[in-house]
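Asks: Let me begin by handing over the structure; questions about it come next.
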Amino acid sequence: MKLLQHRAEWIAFMALRGGIRALPHPASRRMGSALGTLTWAGAPGYRRLVDRNLARAFPDWGRARRRRVGRACFRHFGAMICDIMSFGRFGPVELCERLTLDGWEHVQAAEETPGGTLYLTAHLGNWEIAAHPVGLYRGALHVVARPFNNPLLWKPMLAERERLGHRVIDKHGAARDVFRVLRSGGRVGMVVDQRVRPSQGGIEVPFFGHPALTTALPAKVALRTRSLAIPTFGFPQPGGRYRVRFEAPIPPEGDPHSEEAIAALTERYLQSFEEAIRTHPEQWLWMHDRWRGP
């Protein structure tokens, strides 16, 4: 039964991807936005969750503004999913021609220092596109990811990432490989804005002024390997283009064995995400129950 389900999902995915790639690339976003609007209309539970999260993060916003941003959020993620399927049609050169890079000097400076480099991002904008310039221009980027439950769907995603200069580290038990890569002076990419239970290494740090369970792994490895962390974000632009922004590196400070130092560094990482989210609130994953307790 599981095999039949996986095969049916794969057939549906391939049909959708084929339909999207039959369109001009910029049109994929318009199609995805329409699908996002339909999802918004048919998912009252998620609408309530988005409204609750927005009210927590932006207590001065009225209901009308939260509703407007919430709907735009659904449209954005529908567009992003279709966009990811669509840009797989491009080779590395053509993809790079669609990128505008801000803050590339931070990448160059960080990689000239001893030790490895962490590229940290959030479920904001298009985080898949954000990783590609590093892998294509600087060398292999080891990205931490959880394989899909459906291996038939995971296989093309894995191939796409490896084609663009990535090496995937399984999220389950990732710490050892992350340490190894950074100690050898390599690059690691992580998406670290979601809730992580204490049993999985989550610690409470402020996020939008409220305690939020967050993975401590990036701070732990940065402190122990003395690796710089670069907040990295990708945003869609008109005409099927993308702007990738690299923020100033965040240095590791403090005793690597100190819980206070780990928490303080984790909070600095989240602060960089919060600043970017406040600039583009409609492009963050408000559908995630971020402030739920253990």
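The values are calculated or read from the model by the stated rules, or taken from the named source; none is laboratory data. No experiment lies behind these values; they were computed from the predicted model shown. FYI the Cβ positions are ideal-geometry reconstructions off the backbone, even for glycines, and counts take in every protein chain you see.
Asks: So, of the residues in region 112-160 that are within 26 Å of residue 17 (Cα to Cα) and among the acidic types (Asp, Glu), which turns out to be modelled with the highest pLDDT?
Replies: Here the answer is 128.
Asks: Any idea which residue in region 246-262 is surrounded by the most Cβ atoms within 10 Å (Cβ to Cβ), counting only those that are at pLDDT 95 or above and in contact with an Asp or Glu (Cβ under 8 Å, 6 or more places away or on another chain)?
Replies: 246
Okay, residues lined up against (1) of a type outside the set (Ser, Thr, Tyr); (2) buried (at least 20 other Cβ atoms within 10 Å of the Cβ); (3) in contact with a Leu (Cβ under 6 Å, 6 or more places away or on another chain); (4) closer than 27 Å to residue 13 by Cα:
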site: 62; (1), (2), (3), (4): yes, no, no, no
site: 66; (1), (2), (3), (4): yes, yes, yes, no
site: 74; (1), (2), (3), (4): yes, yes, no, yes
site: 79; (1), (2), (3), (4): yes, yes, no, yes
site: 94; (1), (2), (3), (4): yes, no, no, yes
site: 101; (1), (2), (3), (4): yes, no, no, no
site: 106; (1), (2), (3), (4): yes, no, no, no
site: 109; (1), (2), (3), (4): yes, no, no, no
site: 113; (1), (2), (3), (4): no, no, no, no
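Asks: Further question: Conditions first: (1) of a type outside the set (Lys, Arg); (2) surrounded by fewer than 17 Cβ atoms within 10 Å (Cβ to Cβ); (3) in contact (Cβ under 8 Å) with a residue 40 or more places away in the chain; (4) in contact with a helix residue (DSSP H, G or I) (Cβ under 8 Å, 6 or more places away or on another chain). Residue 55 passes all but one, so which condition is the exception?
Replies: (3)
Asks: Another one. Which residue pairs have Cβ atoms closer than 8 Å, lie 6 or more positions apart in sequence or on different chains, and pair a first residue in region 171-195 that is touching a residue at least 60 places away in the same chain (Cβ under 8 Å) with a second residue that is charged (D, E, K, R) and assigned to a helix (DSSP H, G or I)?
Replies: Qualifying pairs under 8 Å: 187/111.
Asks: Of the residues 110, 130, which single one is within 16 Å of the chain's Cα centre (by Cα) and of a type in the set (A, V, I, L, M)?
Replies: Matching residue, one of 110, 130: 130.
Asks: Assuming residue 271 fulfils every condition listed in (1) polar (S, T, N, Q); (2) within 18 Å of the chain's Cα centre (by Cα); (3) more than 26 Å from residue 100 (Cβ to Cβ) apart from one, which condition is it?
Replies: Condition (3) is where residue 271 drops out.
Asks: Also, I was wondering about something else. Could you say whether any residue in region 101-121 is touching a Gly at 6+ places or on another chain (Cβ under 6 Å) and more than 16 Å from residue 249 (Cβ to Cβ)?
Replies: no
Asks: Another question about this same structure. Pick from region 173-190 the residues that are crowded, with 19+ Cβ neighbours inside 10 Å and touching a Ser or Thr at 6+ places or on another chain (Cβ under 6 Å): which of them is nearest to residue 252 (Cα to Cα)?
Replies: If we take residues in region 173-190 being crowded, with 19+ Cβ neighbours inside 10 Å and touching a Ser or Thr at 6+ places or on another chain (Cβ under 6 Å), then 182 is nearest to residue 252 (Cα to Cα).
Asks: Let me ask something else about it. With the structure loaded, tell me whether residue 229 is small (Gly, Ala, Ser), in contact with a helix residue (DSSP H, G or I) (Cβ under 6 Å, 6 or more places away or on another chain) and part of a helix (DSSP H, G or I) or whether it fails that test.
Replies: no
Asks: If you don't mind, another one. Name the residue, out of 254, 202, 240, 209, that is touching a His at 6+ places or on another chain (Cβ under 6 Å) and of a type outside the set (Lys, Arg).
Replies: Answer to the selection: 240.
Asks: If you take the residues of region 10-27 that are assigned to a helix (DSSP H, G or I) and touching a residue at least 60 places away in the same chain (Cβ under 8 Å), which of them is nearest to residue 149 (Cα to Cα)?
Replies: Of everything passing the filter in region 10-27, 10 is nearest to residue 149 (Cα to Cα).
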